[in-house]
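Engineer: Handing you a structure now.
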Amino acid sequence: MELQHHVRILSGVQPTGTLHLGNYFGMMRPCIEMQEKGETYLFIADYHALTQNPDPKLLNQRILEVAIDFLACGLDTNKTIFFRQTDVPEVTELTWILSCLTPIGLLERCHSYKDKIAQGMSPNNGLFTYPVLMASDILIYKSNVVPVGKDQKQHLEVTRDIAQRFNNQYGEILILPKAIIQEEVAVVPGVDGQKMSKSYDNTIEIFGAEKQIRKKFMKIVTDSTPMEESKNPDSCNVFALYKLFANESEIINLRERYLAGGMGYGHAKQELFELYWEYFRPMRDKRADLLKNPDTVREILNQGATVARNTASATMTEIKNSIGIR
Ligand code: ADP
Ligand code: TRP
């Protein structure tokens, strides 16, 4: 999609675990590519993470890790305003204001909330009002487009609904954002062939020790076609992952060797591992540097927060004036 430079793009990522290949291809890389297309705001959604009551030490560590991993993978702070959600407390202030315009039924219909209840979770109020906080994140920066995964589509509809209600009542202040849904990004399979997800314990991390990661690649589930027989690349998890890293001629070449027979899956796994390892090599080096300089990373987030907070407080002034709190 072609975007113009005055367009403001915004997305958020929750600091809930070690980032894996599904996160990279489904969310991180699209965000990093997006920064070429307009003014980008990207934040670490630590207020949202609180809905899961994380261990404080772990949360603190994960916030830093997510920041380091994004920077290592190519997030450019000359192009992107990168910050922590909690460094802009105005966003919770707006959440309250928007809550007073949000019908309870709108939130009760949200799938992500209903799914969690269906799983037997006893929900806290934060989990219930999660979409209002998300609306506030988007609206406070007057974002035009929001790239998200399919699972977040309904939350964007809720955001537009709330913004419309606000504008009807108080005047045209908020911008109705457009979601960019990453439908075209195939679901990255995990080592067991299901969607790669930390909840299925089937992930391959972006960064990790060579020996352990190599082992994970060797564990990728394949069928039991004997070595000498022809194999179907299109139903193979190894091939699906290979396609994410390889160039066109490498893909054609491996496809031919699958079809010809005589090549074992172990061999394909080794080749896949080598490609993966090379692909992330420069990012791994950059990450090693950043790990040695956590204060630099914190400083980057602080600088991003200063810019974000200016934008947010300007919107809050407009909002407060319009609702009668001056
Ligand atoms: P997990 O499923 O491991 O808990 P999250 O739900 O935290 O991952 O995902 C964060 C983002 O990464 C989501 O917006 C989603 O679009 C993307 N993502 C996660 N897993 C995959 C996958 N297997 N394939 C493609 N995208 C994924
Ligand atoms: N809820 C999003 C997720 O779990 C993270 C998020 C929070 C977000 N606020 C946002 C994404 C605002 C886009 C815009 O993936």
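Engineer: Might you check whether a residue that is within 27 Å of Lys153 (Cα to Cα), away from ligand 2 (no atom under 16 Å from the Cβ) and open to solvent by less than 40 Å² (accessible area, probe 1.4 Å) occurs anywhere in the stretch 210-233? Spell out how you get there, then give the answer.
Structural biologist: Going through the stretch 210-233, the residues within 27 Å of Lys153 (Cα to Cα) turn out to be none.
Checking the stretch 210-233: not a single residue is within 27 Å of Lys153 (Cα to Cα), away from ligand 2 (no atom under 16 Å from the Cβ) and open to solvent by less than 40 Å² (accessible area, probe 1.4 Å).
Residue-wise test of (1) at positive phi; (2) more than 14 Å from ligand 1 (Cβ to nearest atom); (3) of a type in the set (S, T, N, Q); (4) buried (at least 17 other Cβ atoms within 10 Å of the Cβ).
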| position | (1), (2), (3), (4) |
| --- | --- |
| Tyr47 | no, yes, no, yes |
| Leu58 | no, yes, no, no |
| Thr80 | no, yes, yes, yes |
| Phe83 | no, yes, no, yes |
| Leu101 | no, yes, no, yes |
| Arg109 | no, yes, no, no |
| Ser122 | no, yes, yes, no |
| Met134 | no, no, no, yes |
| Tyr141 | no, yes, no, yes |
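Here is a yes/no grid of residues against (1) within 16 Å of ligand 1 (Cβ to nearest atom); (2) surrounded by 14 or more Cβ atoms within 10 Å (Cβ to Cβ):
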residue: Arg165; (1), (2): no, yes
residue: Ile175; (1), (2): no, yes
residue: Val191; (1), (2): yes, yes
residue: Met196; (1), (2): yes, yes
residue: Tyr200; (1), (2): yes, no
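Engineer: Let me ask something additional. Check Asp87 against each of (1) more than 16 Å from ligand 1 (Cβ to nearest atom); (2) over 21 Å from Leu42 (Cβ atoms); (3) acidic (Asp, Glu) and name the one condition it does not meet.
Structural biologist: Result: Asp87 fails condition (2) only.
Engineer: While we're on this one: So which residues in the stretch 246-265 are under 20 Å from Gly26 (Cα atoms) and open to solvent by less than 20 Å² (accessible area, probe 1.4 Å)?
Structural biologist: Hit for the stretch 246-265 is Ala246, nothing else.
Engineer: Could you grab me the full set of residues in the stretch 147-160 that are at pLDDT 95 or above, within 15 Å of ligand 1 (Cβ to nearest atom) and open to solvent by less than 30 Å² (accessible area, probe 1.4 Å)?
Structural biologist: Taking the stretch 147-160 first, the residues at pLDDT 95 or above are 154-160.
Filter once more, keeping what is within 15 Å of ligand 1 (Cβ to nearest atom): 154-156.
Those that are at pLDDT 95 or above, within 15 Å of ligand 1 (Cβ to nearest atom) and open to solvent by less than 30 Å² (accessible area, probe 1.4 Å): His155, Leu156.
Engineer: Right, here's the next one. Which residue out of Lys116, Lys142, Lys150 is of a type outside the set (A, V, I, L, M), more than 8 Å from ligand 2 (Cβ to nearest atom) and more than 22 Å from Pro177 (Cβ to Cβ)?
Structural biologist: Values: Lys142 fails: more than 22 Å from Pro177 (Cβ to Cβ); Lys150 fails: more than 22 Å from Pro177 (Cβ to Cβ).
Criteria check complete, one pass: Lys116.
Engineer: Select, from Gln52, Gln85, Gln35, the only residue that is under 23 Å from Asp201 (Cα atoms) and either touching a Leu at 6+ places or on another chain (Cβ under 7 Å) or not charged (D, E, K, R) (or both). Don't jump to the end; show me each part of the working.
Structural biologist: On the way: Gln85 fails: under 23 Å from Asp201 (Cα atoms); Gln35 fails: under 23 Å from Asp201 (Cα atoms).
Exactly one of Gln52, Gln85, Gln35 is under 23 Å from Asp201 (Cα atoms) and either touching a Leu at 6+ places or on another chain (Cβ under 7 Å) or not charged (D, E, K, R) (or both), namely Gln52.
Engineer: Could you list, ordered by first residue, the pairs with Cβ atoms under 7 Å in which the first is in the stretch 167-191 and modelled with pLDDT under 90 and among the hydrophobic types (A, V, I, L, M, F, W, C) and the second is open to solvent by less than 30 Å² (accessible area, probe 1.4 Å) and within 12 Å of ligand 1 (Cβ to nearest atom), at least 6 apart or interchain?
Structural biologist: So the pair list comes out as Ile180/Val146; Ile180/Pro147; Ile181/Val148; Val185/Phe25; Val185/Gly26; Val185/Pro30.
Engineer: Could you grab me the full set of residues in the stretch 111-120 that are within 16 Å of ligand 1 (Cβ to nearest atom) and open to solvent by 50 Å² or more (accessible area, probe 1.4 Å)?
Structural biologist: Once the filter is applied, which keeps residues that are within 16 Å of ligand 1 (Cβ to nearest atom) and open to solvent by 50 Å² or more (accessible area, probe 1.4 Å), the stretch 111-120 yields His111, Asp115, Lys116, Gln119.
Engineer: Answer yes or no as to whether Tyr130 is over 30 Å from Phe217 (Cβ atoms), within 20 Å of the chain's Cα centre (by Cα) and within 15 Å of ligand 1 (Cβ to nearest atom).
Structural biologist: On the way: over 30 Å from Phe217 (Cβ atoms): yes; within 20 Å of the chain's Cα centre (by Cα): yes; within 15 Å of ligand 1 (Cβ to nearest atom): yes.
Yes; evaluated as a whole, the condition is true for this residue.
Engineer: Here's a check for you: in the stretch 14-45, which residue that is β-branched (Val, Ile, Thr) and crowded, with 22+ Cβ neighbours inside 10 Å is nearest to Glu183 (Cα to Cα)? Full working, then the answer.
Structural biologist: Of the residues in the stretch 14-45, the ones β-branched (Val, Ile, Thr) are 16, 18, 32, 40, 44.
Next, only the ones that are crowded, with 22+ Cβ neighbours inside 10 Å stay: 40, 44.
Numbers: Thr40: 21, Ile44: 23 Å.
Restricting to residues being β-branched (Val, Ile, Thr) and crowded, with 22+ Cβ neighbours inside 10 Å, the top hit is Thr40.
Engineer: Suppose we filter Ile251, Ile206 for residues that are of a type in the set (Val, Ile, Thr) and in contact with a Cys (Cβ under 9 Å, 6 or more places away or on another chain); which single one remains? Steps first, answer last, please.
Structural biologist: Values: Ile251 fails: in contact with a Cys (Cβ under 9 Å, 6 or more places away or on another chain).
Exactly one residue qualifies, and that residue is Ile206.
The values are calculated or read from the model by the stated rules, or taken from the named source; none is laboratory data. All of these numbers come straight from a predicted model, not from anything done at the bench. Positions of Cβ are backbone-derived with ideal geometry, glycine not excepted, and every protein chain shown enters the neighbour counts. To get the accessible areas, we keep the full protein, side chains included, count just its heavy atoms, and leave off ligands, DNA and RNA. Shrake-Rupley method; radii C 1.70, N 1.55, O 1.52, S 1.80 Å.
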